[in-house]
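Read the structure below first, then the notes.
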Amino acid sequence: MDTHVHAGLPKVDGPKVDGWVHSIETGGTADGPGIRYVLFLAGCPLRCQYCHNPDTRHMHDGTRTAAAEIVAEVAGYADFLKRARGGLTISGGEPLVQPEFCAAVLRGAKEHGLHTAIDTSGFLGAHADDHLLADVDLVLLDIKAFKESTYRALTNVPLRPTLEFAERLSLMGKPIWLRYVLVPGLTDDIGEIDALAEFAAGLGVVERVDVLPFHKLGEFKWRELGIPYLLATTEPPSDELTGRVRDHFRAQGLRTA
């Protein structure tokens, strides 16, 4: 994998839509199907306790970049990405903090025949108009909890906007890969998981559920930023617990990974 900042992108002419880019990964395999060009944007309104990229909280944590520069670089990988059954994924941070920039990059990717995805919490789903979503083939939707009190404690924002976005995607027939981070003592309540599984199955567009075991690989970033890390003593979930949670999603007819 090649993870890098964008400093060497080519200069190109075109409509001037700028965004704040945190980093780029040109060989991503965990953010959608195939091998992907993953664009990590800066800026996020959530304050998730387990965030592994707290250095993307503010847009100015990134580097100002023209959408046309990103599209030009993506174009250089287009043939390879198509052969690898991959494409472009815009992640973050929270990409929908910068909807105009996302829309410009997505449009450019589609003009080069690429599969496109966004990885979002859905909290700012109202920022994604139908024009933007028309250029999105897949939504990686992070529903971090399913009880309002749990969600607020975990993220510091309300849950309802994310659920409304999921329901809107369902009405549009837009494919979703649901992502759920399993944190012992925080998001492992089986009743809450069952309610989420029932909701997800009812959407009719969830192609798979990724149950992601909590890890602390980003803890060092919290220390570097001087932010208290509340999960310092929390251990990753056991394989047994992770498997059991996947079984609860499967019980609703959902495919898990």
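Say we look at the stretch 142-158 and pick out the residues that are part of a helix (DSSP H, G or I) and among the polar types (S, T, N, Q); which of these is surrounded by the fewest Cβ atoms within 10 Å (Cβ to Cβ)?
In this case the residue turns out to be Ser149.
I'd like the residue in the stretch 57-113 that is of a type in the set (S, T, N, Q) and buried (at least 17 other Cβ atoms within 10 Å of the Cβ) and, out of all such residues, is nearest to Leu124 (Cα to Cα).
Step by step, filter the stretch 57-113, then rank; the result is Gln98.
Take Arg168 and tell me if it is in a helix (DSSP H, G or I), within 27 Å of Tyr50 (Cβ to Cβ), in contact (Cβ under 8 Å) with a residue 12 or more places away in the chain and among the basic types (Lys, Arg).
On the way: in a helix (DSSP H, G or I): yes; within 27 Å of Tyr50 (Cβ to Cβ): yes; in contact (Cβ under 8 Å) with a residue 12 or more places away in the chain: yes; among the basic types (Lys, Arg): yes.
Yes.
Considering only the stretch 83-93, I want to know if a residue exists there that is in contact (Cβ under 8 Å) with a residue 24 or more places away in the chain, on the phi < 0 side of the Ramachandran plot, in contact with a Lys or Arg (Cβ under 6 Å, 6 or more places away or on another chain) and not polar (S, T, N, Q).
For the stretch 83-93, residues in contact (Cβ under 8 Å) with a residue 24 or more places away in the chain, on the phi < 0 side of the Ramachandran plot, in contact with a Lys or Arg (Cβ under 6 Å, 6 or more places away or on another chain) and not polar (S, T, N, Q): present.
Go through the stretch 96-120 and give me each residue that's in contact with a Ser or Thr (Cβ under 6 Å, 6 or more places away or on another chain) and under 23 Å from Tyr180 (Cα atoms).
Result: Leu96, Ala117, Asp119.
Each reported figure results from applying straightforward, stated rules to the coordinates on display, with no laboratory input. Since the model is a prediction, treat every value here as computed from it, not as a measurement. Ideal geometry is used to build each Cβ from the backbone, glycine not excepted, and the neighbour counts take in all protein chains shown.
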